[in-house]
Every structure is written in C-alpha cells, then in structure tokens.
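In what follows, a structure is listed as structure tokens, so that the remarks can point back to it.
The values are calculated or read from the model by the stated rules, or taken from the named source; none is laboratory data. Not measured: the values here are computed from a predicted model. With ideal geometry, Cβ positions are generated from the backbone for all residues, glycine too; neighbour counts draw on all protein chains shown.
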C-alpha cells in the first residue's frame with residue numbers, strides 16, 4: 001500500500017501544481033484584459049469629452065449668430 005499511496009500523492013501534487021499554473025495564467029489574463037478595458041474606456045471617455053466640448057462651441061456659435069440677428 002505504501003507504493004500506491006506514494007503514487008496517489010505524486011498525482012495529487014501534479015494536479016495541484018497544474019491547477020496553480022492555470023490559476024496564475026488566468027489571473028494574468030484577467031489583469032491584461034482589465035488593463036485593456038481600462039485603456040479602451042479611457043479612449044471612449046476622452047472622445048466623449050472632446051465631443052462635448054465641440055457641442056458646447058457649436059452652441060456658443062449658434063447663440064452668437066442668434067444674438068446678431070443672423071438666424
């Protein structure tokens with residue numbers, strides 16, 4: 001029974017090591033995806049901010065034309 005028990009422990013150790021390696025790989029992938037999404041979100045936020053500034057400048061231009069009696 002001693003030899004069989006040693007084999008079981010070896011298999012358990014290998015499975016545990018493989019599981020730890022998978023967990024590490026998945027954690028790294030998760031971190032990479034989070035960073036990727038953070039960068040993408042930052043780009044969208046910047047684009048929306050630029051768009052908002054553009055809309056505000058158009059509103060000011062429209063209001064100035066309306067005050068001048070152009071429109």
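Quick notes on this one:
- Any chance residue 2 is at pLDDT below 85 and at positive phi: no
- The residues on offer are 68, 27, and the sole one that is under 38 Å from the mean Cα position of the chain (by Cα) and at pLDDT below 90 is 27.
- None of 62, 22, 37 is over 38 Å from the mean Cα position of the chain (by Cα) and surrounded by 10 or more Cβ atoms within 10 Å (Cβ to Cβ) except 62.
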